[in-house]
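**Q** I'd like to ask some things about the structure below.
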Amino acid sequence: MKRRDFLLLPGVMAMAWNQASAKVETPRIGFVQAGSRQENHALLAAFRDGLSALGWTDGSNVSVLDRWAEERTEALPAIVKELIGSGATILVTAGTPATLAATRADATIPIVLVGVDDPVSRGLVDTLMQPGGNVTGLSLSSSEVIAERLELLRQLVPGLHRLAVIVRDDPGLDQKLQDIRSNTQRMGIEALMLQATTAKAVALAFARLRGDRAKAIYVASGPLGPVKRARIIALAADSRLPVIYSFRIFAFEGGLISFAADYGDLFRRARGLRQQDPQGLSSCRSAGRAAP
């Protein structure tokens, strides 16, 4: 799984904070997440740990203003506006909805995105090597990760030819479905797409599997909430089919297997205090994590 690492924050932070020194004594970083604080507080802790390792202590020489949309993406524009109004001179945005809200709110404030699939196609950066504008960060290549997951399923199910894909209306769904279709076609696998945007739709999707002769299941949706995750894991177990998930938390809570980035590691790296060549972005390879 390739991950593009394009953090340029030492200079960016110093520049932004020097410009704002007349208004803000302690540098302020806005941390924005579309999910709930209860579900994702470990990501904020990882980010703070990354800052601390480089001498930046929240509440001492830097202030991290964390805001959570609690699964209400429509609240993100107001959250971003409030953070900027509170003196945040840099925004760290977790995921696609928060990043899009930040870029639409301000075209000049430095933004560090974390865990966004293909920021180029979304218009967030010009290219990975030369992002331009005010956005940098850590992105994930959706197509390559999907290919790795499908290869794992083929190892679990030799001769896999028919696959059920559970999806919901996630941000960037069209691109995700395109990547799944292109990879399954290349591998000679028939993909049955099952939309599951509500609890009832999830149950109906799994019920449909009984007559569709699918040999495995790929849960392509995001981490969801704990109740929805538990329901999907239980239905998957009842189906008696091998299942791979897009997020590690499913496997930790009883799902069969996952292949995904370690988001804690991403947020520790998003501390951004690492000098890199301003003329280009570094590229690195990070192993995805499979959890039984």
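The values are calculated or read from the model by the stated rules, or taken from the named source; none is laboratory data. Just so it is clear, the model here is predicted, and its values are computed rather than measured. The area values use the complete protein model at the heavy-atom level, side chains included, leaving out ligands, DNA and RNA. Shrake-Rupley method; radii C 1.70, N 1.55, O 1.52, S 1.80 Å.
**Q** Computed over the Cα atoms of the range 121-202, what is the ratio Rg over Rh, Rh following Kirkwood?
**A** My calculation puts Rg/Rh at 1.06.
**Q** Which percent of the accessible area of the range 79-136 is formed by carbon and sulfur heavy atoms (probe 1.4 angstrom)?
**A** Carbon-and-sulfur percentage of accessible area, whole number: 54.
**Q** If I stretch the segment between ASP106 and THR127 completely, what's the gain in nm (0.36 nm per residue apart, minus their alpha carbon distance), one decimal? Before the final figure, lay out the partial values.
**A** Details: separation 21, 0.36 × 21 = 7.56 nm, distance 1.97 nm.
Separation in residues times 0.36 nm, less the Cα-Cα distance, equals 5.6 nm.
**Q** Could I ask something else about it? Taking a probe of 1.4 Å, how large is the accessible area per residue of the range 141-206, in Å²? Could you put the intermediate results ahead of the total?
**A** Numbers: 3170 Å² over 66 residues.
With all protein chains present, the range 141-206 gives 48 Å² per residue.
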